[in-house]
1. Take the stretch 152-172 and flag every residue that is in contact with a Leu (Cβ under 9 Å, 6 or more places away or on another chain), surrounded by 16 or more Cβ atoms within 10 Å (Cβ to Cβ) and either in the same structural domain as Ala88 (by TED's automatic domain parsing) or under 29 Å from Ala22 (Cα atoms) (or both).
2. Residue check: is Leu139 under 20 Å from Val23 (Cβ atoms) and either assigned by TED's automatic domain parsing to the domain that holds Val27 or part of a helix (DSSP H, G or I) (or both)?
3. Of Leu118, Leu96, which residue is touching a residue at least 60 places away in the same chain (Cβ under 8 Å), crowded, with 20+ Cβ neighbours inside 10 Å, hydrophobic (A, V, I, L, M, F, W, C) and in a helix (DSSP H, G or I)?
4. How about the stretch 61-77: which of its residues are farther than 22 Å from Val23 by Cβ and either in contact with a Gly (Cβ under 9 Å, 6 or more places away or on another chain) or touching a residue at least 40 places away in the same chain (Cβ under 8 Å) (or both)?
5. Listed residues Arg105, Arg52, Arg59; which is in a helix (DSSP H, G or I) and at pLDDT below 95?
6. Taking the criterion of being more than 26 Å from Ala151 (Cα to Cα), surrounded by fewer than 20 Cβ atoms within 10 Å (Cβ to Cβ) and in contact with a Lys or Arg (Cβ under 9 Å, 6 or more places away or on another chain), would at least one residue in the stretch 8-31 satisfy it?
7. Every residue in the stretch 64-76 that is surrounded by 19 or more Cβ atoms within 10 Å (Cβ to Cβ) and aliphatic (A, V, I, L, M), please.
Amino acid sequence: MGVSLPFFAKLRVGAGAFLALAVMMLVGEGSLIPCALIAALFHELGHYAAVRLCGAEIRSVFVGFTGATMEYYGGTVGYGGEVAIALAGPVASLALAVIASFIGREFALEVATELAGLSFVLCVFNLVPIRALDGGRALGAALSRFFPIAAARVMLVLSAILTLTLLAVGAYLALTAFNVTLLGTAVVLALMVIRER
């Protein structure tokens, strides 16, 4: 059976995570960082729950600029399990958005409304079918099931097109609204797509 490592021994934090935190500290207000961390944690807990429901074990968790990546092994993770694990994070984010929105509305808590908005954005953004995001992993697993030879090429082309689109929209927002958040994220995604090809 083996010895299970404590969670902190499986966790690696990259420089990108600290860069993302620094950017949030520069551009955010008081509650942005705690809300973003709660939204991200809840999202990752969705993935974790799905991994465990598939009977798999977590090998490691890497936290970088665009979020966390879990490596897992064992269990009954087939194509359907891969899709479920990939989509579990956005589902958890959507659930948190609905709950936080209700709390914010019923109790007039602005911080809950902010958490709801961040969770919803995290859900929607992660559903974009770029290979480095949850939507891309889910679509890639589904395509691999039915079109094993073409799936990798289709995902690479789709990821490149969507990343270029995000870069263009991010550049536009940077020039017109002085907001570089999407541009920075798109640059990181572009580097990830280039590295994966």
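The values are calculated or read from the model by the stated rules, or taken from the named source; none is laboratory data. Note that the structure is predicted; figures quoted are calculated from it, not measured. Glycine gets a Cβ as well: all are built from the backbone with ideal geometry, and neighbour counts include every protein chain shown.
1. Result: Ser159, Leu162, Thr163, Leu166, Leu167, Gly170.
2. no
3. Working: Leu96 fails: touching a residue at least 60 places away in the same chain (Cβ under 8 Å).
After applying the criteria, what remains is Leu118.
4. Matches in the stretch 61-77: Gly74, Gly75, Thr76, Val77.
5. Details: Arg105 fails: at pLDDT below 95; Arg59 fails: in a helix (DSSP H, G or I).
Within the list Arg105, Arg52, Arg59, the selection yields Arg52.
6. From the stretch 8-31, those more than 26 Å from Ala151 (Cα to Cα) are 8-31; that's our starting set.
Filter once more, keeping what is surrounded by fewer than 20 Cβ atoms within 10 Å (Cβ to Cβ): 8-19, 21-31.
Adding the requirement that they be in contact with a Lys or Arg (Cβ under 9 Å, 6 or more places away or on another chain) leaves 10.
Checking the stretch 8-31: at least one residue is more than 26 Å from Ala151 (Cα to Cα), surrounded by fewer than 20 Cβ atoms within 10 Å (Cβ to Cβ) and in contact with a Lys or Arg (Cβ under 9 Å, 6 or more places away or on another chain).
7. Ala68
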